[in-house]
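**Q** This structure is in structure tokens; I'll ask about it shortly.
Laboratory data are not the source of any read-out in this text; all were calculated from the coordinates shown. Computed from a predicted model, the values in this text were never measured in an experiment.
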Amino acid sequence: MNYQVLEGFRRKLLGRRLSLLQRRRRVLTEEQELLTVREPDWEDTAATVTAASILASIGESERRALARIQASLERMERGRYGECASCGETIEEERLQAVPDTDRCAGCAALH
């Protein structure tokens, strides 16, 4: 993989990371606002708890996505980006275009 292609993937990953961090910040702010409502009735409390749990699950998926992005950036630094973590073969560039934070080739991903 040449330098320009690798830099394109790096920019894509960094942009995705920034977007996730900004979204995460908004979610945390919304969750805090939901939980600071003064003296809600039981219906408001139930709705608030439900909304907070939904926001928390969104946060968990974002944390996993951020971890995958960070791992991809670390593989780039080590010169291992684009190498399948399972079989060691090269991950297809089309797959990396579609899923730049993947660590498996299409064959290994299907088995996993």
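**Q** From the backbone phi of segment 75-86, what are the Karplus-calculated ³J(HN,Hα) couplings (6.51 cos²θ - 1.76 cosθ + 1.60, θ = phi - 60°) in whole Hz, Gly and Pro given as x?
**A** Working through the residues one at a time gives 5, 4, 4, 7, x, 10, 5, x, 9, 5, 5, 8 Hz.
**Q** In whole angstrom, note down how far apart the Cα centers of segment 70-98 and segment 1-29 are.
**A** Segment 70-98 and segment 1-29 have Cα centres spaced 16 Å from each other.
**Q** For E83, enumerate residues with amide H under 5 Å from its amide H, sequence gap 5+ or separate chain, H modeled in the peptide plane.
**A** I91
**Q** Calculate, in nm to one decimal, what S61 and R10 gain on full extension: separation in residues at 0.36 nm each, minus their alpha carbon distance. Mind showing how you got there, number by number?
**A** Numbers: separation 51, 0.36 × 51 = 18.36 nm, distance 2.11 nm.
Value of the extension gain: 16.3 nm.
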